[in-house]
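Below: one structure, written as structure tokens.
Taken together, the values in this text are just the output of simple stated rules run on the coordinates, not laboratory data. Source: prediction; values computed, not measured. We place every Cβ from the backbone using ideal geometry, glycine too, and count neighbours over all the protein chains shown.
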Amino acid sequence: MASRPDADRLRELKLLRQVRDRIDRDYREPLDVPALAGCVHMSAGHLSRRFKQEYGESPYSYLMTRRIERAMTLLRRGDLSVTEVCFAVGSSSLGTFSTRFTELVGMPPSTYRDRAKEELRGLPSMVVKRVARPIRNREAPPRPTA
């Protein structure tokens, strides 16, 4: 039988997973840490600390990473403007979206859209998904300028 601290930790891990699953599922929605914390009956501060301990980034950062991953997919398609992509992934500010995109990907969204069409052409989608994934927990290394 598990000890009480182990049982409490497992219960809390389950709640953190619920938050992460909700972010993965509802990334387009206007999510914020207090609302996410309320759904699992935690304070926003406790959720943020524990989420970062377990997943290596804050809930907000995780949400933005999900949005950027989806934005990269939409930008590679090439049929939407950067503004349309920004709002399609749930961002409410084009400036914040572009800044975070550039931090994670290493180039602005418009540049990514233009380069991705050329650089990733002909690759299977499962390969594109793997090589085009944004970098987490650190800024992208600077790209050489052409």
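ARG77 to ARG9: extension gain in nm, 0.36 nm per residue of separation minus the Cα-Cα distance?
Difference between extended and current length: 20.2 nm.
Once label points are set 7 Å from the Cα along Cα→Cβ at both ASP32 and GLU54, what is their separation, rounded to one decimal in nm?
So the label points at ASP32 and GLU54 sit 2.3 nm apart.
Enter the mean projected area of the convex hull around the alpha-carbon atoms of the range 4-60, in nm², rounded to one decimal.
3.7
Please compute the length gained on full extension between HIS46 and THR99, using 0.36 nm multiplied by the number of residues separating them and subtracting their Cα-Cα distance.
Result: 16.4 nm gained on full extension.
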